Amino acid sequence: MPPPATPHRLGRRFGLVLFALACQLAACGSTPPPPPLYLQLGGVEGIQAVSNAMLQRMSTDPRTKRTFDGINLRTLSASLAAHLCKVADGPCVYDGETMRNAHADLGLGGSEFETTVQMLRDELDRAGVPQGAKNELLRRLAPSRRDIVTTDR
């Protein structure tokens, strides 16, 4: 026959039950961390596809095409993809110019920058990138505006 239940034993059992329940709830309520941002963007291949599509649009759109005369789009796309991959914590190495140096002589205005950002959003949407990942990439890229925009246009 088990020993009689004393207030001390009941309190101890209750504490053990609460502890077990808390452990189970913690395990059920915890979510694994999201994959790295570059994987959420489709990995290296997905980032390259977005970069290619975006630059194709930019090089033909009347609002942005002026800066693409004489530019090798294949080389620029590879450089842009490496930059985006690096910003997204991917395994890529970006060895291009700083954003300030790369855009210094282009005379880019705020409207061109905003058009470019919208094209990037559109291509990320077309690629099926989740909203949270898209927002995080744009948040990380936003500070570069001050290095890219050099005129009031």
ask   = Hey, any hits in segment 83-98 for a residue that's at pLDDT 95 or above and aromatic (Phe, Trp, Tyr)?
value = yes
task = With the checklist (1) in contact with a Pro (Cβ under 6 Å, 6 or more places away or on another chain); (2) buried (at least 18 other Cβ atoms within 10 Å of the Cβ) in hand, flag the one item Thr116 doesn't pass.
result = (1)
ask   = Given the residues Asp105, Asp69, Asp89, which is the only one that is under 14 Å from the mean Cα position of the chain (by Cα) and of a type in the set (D, E, K, R)?
value = Asp89
ask   = Among the residues of segment 122-153 satisfying the criterion of being in contact with a Gly (Cβ under 9 Å, 6 or more places away or on another chain) and hydroxyl-bearing (Ser, Thr, Tyr), which is farthest from Ala82 (Cα to Cα)?
value = Thr151
inquiry  = Condition check: without any contact (Cβ under 8 Å) to a residue 40 or more places away in the chain, closer than 29 Å to Pro35 by Cβ, under 15 Å from the mean Cα position of the chain (by Cα) and crowded, with 17+ Cβ neighbours inside 10 Å. Does Ala133 satisfy that?
reply    = no
task = Give Ala26, Ala102 a once-over and let me know the one that is closer than 18 Å to Ile148 by Cβ, part of a helix (DSSP H, G or I) and at pLDDT below 95.
result = Ala102
ask   = Of all residues in segment 119-130, which are among the hydrophobic types (A, V, I, L, M, F, W, C) and either surrounded by fewer than 20 Cβ atoms within 10 Å (Cβ to Cβ) or within 12 Å of Thr64 (Cβ to Cβ) (or both)?
value = Met119, Leu120, Ala127
query = Residues in segment 118-146 that are within 10 Å of Met54 (Cβ to Cβ) and among the β-branched types (Val, Ile, Thr): how many?
reply = 0
task = Of all residues in segment 78-108, count the ones that are closer than 24 Å to Pro35 by Cβ and not aliphatic (A, V, I, L, M).
result = 8
request  = Go through segment 42-62 and give me each residue that's under 18 Å from Thr116 (Cα atoms) and either modelled with pLDDT under 95 or among the hydrophobic types (A, V, I, L, M, F, W, C) (or both).
outcome  = Ile47, Ala49, Val50, Ala53, Met54, Leu55, Met58
query = What tally of residues in segment 83-103 results from selecting those that are crowded, with 16+ Cβ neighbours inside 10 Å and aromatic (Phe, Trp, Tyr)?
reply = 0
request  = Output the residues belonging to segment 62-89 that are outside any helix (DSSP H, G or I) and in contact with a helix residue (DSSP H, G or I) (Cβ under 7 Å, 6 or more places away or on another chain).
outcome  = Arg63, Thr64, Ala88, Asp89
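The values are calculated or read from the model by the stated rules, or taken from the named source; none is laboratory data. Keep in mind that what you see is a predicted model, and the values were worked out from it rather than measured. As a convention, Cβ positions derive from the backbone with ideal geometry for all residues, glycine included, and neighbour counts pool all protein chains shown.
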